[in-house]
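Read through the structure below, which is laid out as structure tokens, and then see the notes.
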Amino acid sequence: MESLANQAFEHIRITLTTLQPKSFTNIEATLMDIAILASRGQRAFQVSFASEGVPWPLSTFVKQKIFAIFREAVTNVQKHSDASQLEIRFLWAEALLTISVADDGNGMDMTFQAQDDHYGIAIMHERAKEFHGRLEIQSNLGPGTFVTLYLPMDP
């Protein structure tokens with residue numbers, strides 16, 4: 001029972017961090033906070049981070065959507081992947097922001113996800129479309145999962 005209460009508490013902390021991040025000025029730091037909080041759960045994993053390029057401003061609306069997409073991706077790693085490593089990468093190019101999340105977990109069957117009542121991935125795609133972004137998820141059973149968000153500079 002204590003374990004379940006701790007899991008629920010951590011899930012609430014991740015959700016609150018996503019909904020009310022400390023600062024909307026640094027999206028990289030906020031996403032790192034979300035990942036680190038998730039990594040302390042029952043299925044602990046290591047988090048690494050890399051960023052290239054010069055960050056450009058994003059609207060609050062876009063940041064909120066990115067946080068929601070990212071939270072779902074990290075929650076999936078925490079709940080389902082049995083990963084030991086999570087890597088977050090930002091690539092700030094002149095006209096395109098690319099955010100990738102990769103884990104070394106047990107992957108997932110993407111055809112099964114699309115056919116069953118698993119709405120998380122579909123919602124992630126819809127959120128990306130709301131700000132003219134594009135989301136790619138690459139996974140198979142076994143070698144981990146790669147989630148990549150592409151965001152044009154002028155959505």
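General remarks:
- Computed in the context of the full set of protein chains, the accessible area of the range 43-155 at 1.4 Å probe radius has 52% of its extent on carbon or sulfur.
- Beta bridges assigned by DSSP with both partners in the range 25-155 are antiparallel in approximately 70 percent of cases.
- Separation in nanometres of the label points that stand 7 Å from Cα toward Cβ, at Ala50 and Ala8: 4.0
- Two-site FRET efficiency, Arg43 against Glu126, from Cβ-Cβ distance with R₀ of 30 Å, rounded to 0.05: 0.65
The values are calculated or read from the model by the stated rules, or taken from the named source; none is laboratory data. This is a predicted model, so every value here is computed, not measured. Every residue, glycine among them, receives a Cβ derived from its backbone with ideal geometry; neighbour counts consider all protein chains shown. Surface accessibility is based on the protein's heavy atoms, side chains included, excluding ligands, DNA and RNA. Shrake-Rupley method; radii C 1.70, N 1.55, O 1.52, S 1.80 Å.
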